[in-house]
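> Could you have a look at this structure, given as structure tokens, before my questions?
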Amino acid sequence: MSTDKTIAGRDPVTGGGIAITMRDGRIAAIAETVSQDEAYLTPGLVDLQVNGYAGLDLNDGALTPKRVSELTRIMAGLGVTTYLPTLVTGSRERLLDGLDAIATARREDVLCARMIPGVHMEGPSIAPEDGPRGAHPAEHVRPPSLEEFDAWQKASGGLVRLVTLAPEYEEAPAYIRAITAQGVHIAIGHSSATPEQVHAAAEAGARLSTHLGNGAAALMPRHPNLIWAQLADDRLTATLIADGHHLPDDTFKTMLRAKGLERALLVSDSVALAGMEPGIYRQPIGGDVEVRADGRVGIAGTPYLAGAGLPLIENVPVAMRMTGLSLAQALRLATANPGAFVDGRGVMKLNASADLIRFSIDGKTGSFELKNTLVHGEEVFPA
């Protein structure tokens, strides 16, 4: 016999009280209340780009199911209830081993199965040039291959849900058409494409721009260029990193205005060094990487970033500060909008999985203080 459970908090949209009744892991009822609870109650965060966190690396060539499980629990402790583990450019063998480890973690760990609906492959078919390639290893960059994509899906049991590539490859349009026909999303990223190649990729089925404004050449024509083209193409939803380092305030605000709230979302792009103490660390991807006290993670001695150091729950209030968005608007960029690309997650509606968080906002800093994380109706934070 099912036992109903209820959780209550403040609705970020109305500011009033709200109570969610859960049954068998799903939302059975939503009701307004007169609760004076100061903690907000919202859908859990959805992060489409997680490379690691707190020293746990998905891309060092030694990924294990245990590490995936550990990272999944850390994500839950950061308010994320759905995420895509992200494997970056590497050898064929490393990518296949990584996919196998993630698939095994999902089979052996019910929380991984619930929180990980798929995998994001960021590369290996990206621009080979310094600058747009970012910290990805040049020796493993290669053209898109349907044979390799099929090997990924075989190794993972069909877990690849998102692929980031540079559309300037001759093979790109046919590749995009073939894998989007299988329900896999394509994102444009780490590219030096022409505007014509951007629009051709969108015509073939690409629907996202990976961390727009980053993974691009430091110097490019004022116009036309691939950033303007992606901003202008209404078929493309922009993923943006709101950490205060990847995009200046004015740039972030302008990009968000261009795409609108309906065609933008936040990703963390967090790497293994996110959440670590400041210092210089030797990494398999990027070599010597510097972590600064303000959360910036970059290739030491260069202007290039090497991923991001802040989790999604810290990006939301930064986005609010940079743009003047309301709490409800900023949360949409980290819940329903990314959730639309993974089975419609990140929403609070009847019969949806009860993936919920409660948090308060520090009155002085504006930062979020997580109180509870529920995945499929079960509290996983605090553990």
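> Under the Karplus relation 6.51 cos²θ - 1.76 cosθ + 1.60, θ = phi - 60°, what is the ordered set of whole-Hz ³J(HN,Hα) values for segment 42-49, x standing for Gly and Pro?
Residue by residue, segment 42-49 yields 9, x, x, 6, 10, 10, 8, 8 Hz.
> I've got another one for you. With labels modelled as points extended 7 Å from the Cα through the Cβ direction, what inter-label distance (nm, one decimal) is found for residue 66 paired with residue 146?
In this crude label model, residue 66 to residue 146 measures out at 4.1 nm.
> Let me ask something additional. If eta is 1.306 mPa s and T is 10 °C, what Stokes-Einstein diffusion coefficient results for the chain, Kirkwood Rh from Cα pairs, in µm²/s?
Rounded, D is 76 µm²/s.
> Please give the Cα centre distance for segment 1-47 versus segment 169-247, rounded to the nearest Å.
One Cα centre to the other: 37 Å.
> Gain in length, residue 276 to residue 180, computed as 0.36 nm per residue apart minus the alpha-carbon separation, to one decimal in nm?
Once the chain is fully extended between residue 276 and residue 180, it gains 30.9 nm.
> OK, next. Over segment 7-142, give the accessible area per residue in Å² for a 1.4 Å probe, as an integer. Don't skip to the end; give the middle numbers.
Values: 4740 Å² over 136 residues.
On a per-residue basis, 35 Å².
> Starting from the Cα of residue 251, step 7 Å along the direction of its Cβ; do the same at residue 38; then give the gap between the two resulting points in nm.
3.7
> Using label points projected 7 Å from each Cα along Cα→Cβ, tell me how many nm separate residue 6 and residue 139, to one decimal.
Those two pseudo-labels are separated by 6.2 nm.
> Residue 328 to residue 343: extension gain in nm, 0.36 nm per residue of separation minus the Cα-Cα distance? Kindly include the intermediate steps, with their values, before the conclusion.
Numbers: separation 15, 0.36 × 15 = 5.40 nm, distance 2.12 nm.
In short, 3.3 nm is gained.
> Run the numbers on segment 249-329 and let me know its relative contact order in percent, using alpha-carbon pairs under 8 Å that are six or more apart. Present the calculation step by step, with values, prior to reporting the outcome.
Details: 102 pairs, mean separation 23.4, N = 81.
Answer for segment 249-329 is 29 percent.
> So what is the relative contact order of the chain, in percent, for Cα pairs below 8 Å that sit 6 or more residues apart? Could the numbers behind the result be given before it?
Numbers: 891 pairs, mean separation 76.0, N = 383.
The normalised contact order for the chain reaches 20 percent.
> Leaving out same-chain residues fewer than 8 places away, which aspartates and glutamates sit with a Cα under 15 Å from that of residue 253?
Partners within reach: 243, 262.
> If you plug each phi of segment 81-90 into the Karplus form 6.51 cos²θ - 1.76 cosθ + 1.60 with θ = phi - 60°, what whole-Hz ³J(HN,Hα) values come out, in order, with x for Gly and Pro?
Those phi angles translate into 10, 9, 8, 9, x, 10, 9, 9, 3, x Hz.
> Which whole-number value in Å² is the accessible area per residue of segment 258-383, probe 1.4 Å?
Details: 5290 Å² over 126 residues.
I get 42 Å² per residue for this part.
> Round to the nearest 10 and report in Å² the accessible area of residue 97, as given by a 1.4 Å probe over the protein chains' heavy atoms.
Probe radius 1.4 Å; accessible area of residue 97 about 100 Å².
> Another question, if that's okay. Show me, for segment 341-346, the HN-Hα J-couplings you get by feeding each phi into the Karplus relation (A = 6.51, B = -1.76, C = 1.60, θ = phi - 60°), rounded to Hz, glycine and proline as x.
Per-residue couplings from phi come out as 9, 9, 6, x, 6, x Hz.
> Still on this structure, please answer the following. What aspartates and glutamates does residue 66 reach when the alpha-carbon gap must be under 17 Å and sequence neighbours fewer than 8 apart in one chain are set aside?
57, 97, 100, 108, 109
> Leaving out same-chain residues fewer than 8 places away, which lysines sit with a Cα under 23 Å from that of residue 371?
Straight-line reach from residue 371, under 23 Å: 5, 349.
> Two-decimal Rg/Rh of segment 293-381 from alpha-carbon positions, Kirkwood Rh?
Working: Rg = 15.5 Å, Rh = 15.0 Å.
When Rh is taken as the Kirkwood radius, the ratio is 1.03.
> With springs only between Cα atoms under 10 Å, which of 128, 221, 117 fluctuates most in a Gaussian network model of the chain?
In the Gaussian network model the winner is 221.
The values are calculated or read from the model by the stated rules, or taken from the named source; none is laboratory data. Since the structure is predicted, the reported quantities are computational estimates derived from the model, not experimental observations. When we count neighbours, we look across all protein chains shown, and the Cβ atoms used for this are built from the backbone with ideal geometry, even at glycine. The accessibility values were calculated without ligands, DNA or RNA, using every heavy atom of the protein model including side chains. Shrake-Rupley method; radii C 1.70, N 1.55, O 1.52, S 1.80 Å.
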